[in-house]
Amino acid sequence: MEGRRVESPELIPRRKLSQAVLERLLQRIRGGEFAPGAQLPSERELMESYGVGRPAIREALQNLERAGILVITHGERARVAVPTAGNLIQQLADGTRHLLSVEPHNLEHLKDARLLLETGVARRAAEHASPEAVELLEERYADQLLSVSDRQEFVTKDMAFHRQIAAITGNPIFPTLIEAMFEWMGAFYTQLISAPGAENLTMTEHRRILDAIAAHDPAEAEAAMRDHLTRANELYRQFEVS
């Protein structure tokens with residue numbers, strides 16, 4: 001009689017206790033038991049509830065903090081984080097910077113993403129700009145114009161100009177994303193904006209963008225932003241090669 005083939009059992013991996021604690025806490029938070037801003041039970045109470053030691057509790061809490069779900073302050077019980085767009089974007093920042101440091105070629109992908117985002121934002125801004133919003137953008141432009149001789153200040157004012165365009169859309173996610181782009185691009189952005197001879201070009205292009213937004217011309221605003229970012233990238237490559 002031919003022997004029956006015995007399939008090897010599918011092994012179930014052992015999970016760390018801290019992961020089990022994390023999943024249970026996350027389920028309670030998502031279920032509404034702990035609202036944003038509310039404190040969790042103390043470590044001792046959690047240890048008693050789940051029948052685990054302090055290391056498992058602390059590791060679970062720390063992992064939830066790294067994920068932006070909890071806020072841990074020394075001497076206090078962990079608190080559920082109040083979600084904001086800024087917090088969400090910040091969670092991506094470290095990973096993005098690491099990605100760029102490990103694989104620098106992804107900077108081109110990031111610049112492409114910025115081009116798509118900011119051209120759309122410029123179009124939306126032209127559609128929604130109020131007289132007050134245009135006045136604020138004029139102020140940001142004037143501030144940057146006054147800072148052309150100060151490298152770091154010029155970069156700061158440049159960021160403020162682009163953030164203001166995003167703010168005009170009325171969507172609070174856009175300014176946060178624009179600021180995140182600046183942060184992720186890091187040193188590249190500083191070199192690009194403050195490269196010798198780039199200041200005047202930047203101000204000329206910003207003037208064109210501003211005028212298009214003030215004229216409520218979405219197509220021109222989008223084109224002006226596209227030309228600005230595309231030529232800026234080409235200019236950077238020229239300085240990089242020279």
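Some points to look at:
- Of all residues in region 204-242 being modelled with pLDDT under 95 and of a type in the set (Gly, Ala, Ser), the one that is nearest to residue 129 (Cα to Cα): 232
- Region 2-35, residues that are more than 25 Å from residue 55 (Cβ to Cβ) and modelled with pLDDT under 90: 2, 3, 4, 5, 6, 7, 8, 9, 10, 11
- Residues (more than 16 Å from residue 156 (Cα to Cα) and either at pLDDT 95 or above or assigned to a loop (DSSP other than H, G, I, E, B) (or both)) located in region 168-203: 168, 169, 170, 171, 172, 196, 197
- Considering residues of region 59-87 that are touching a residue at least 40 places away in the same chain (Cβ under 8 Å) and of a type outside the set (A, V, I, L, M, F, W, C) only, the residue farthest from residue 22 (Cα to Cα): 86
- Among the conditions (1) surrounded by fewer than 20 Cβ atoms within 10 Å (Cβ to Cβ); (2) out of contact with any His (no Cβ under 8 Å at 6 or more places or on another chain); (3) closer than 16 Å to residue 209 by Cβ, the only one that residue 127 does not satisfy is (2).
- Residue identified as closer than 21 Å to residue 199 by Cβ, surrounded by fewer than 20 Cβ atoms within 10 Å (Cβ to Cβ) and either charged (D, E, K, R) or not assigned by TED's automatic domain parsing to the domain that holds residue 223 (or both) among 183, 135, 153, 118: 153
The values are calculated or read from the model by the stated rules, or taken from the named source; none is laboratory data. Quick caveat: nothing in here was measured; it's all calculated off a predicted structure. In this analysis, Cβ positions are derived from the backbone assuming ideal geometry, glycine residues included, and neighbour counts consider all displayed protein chains.
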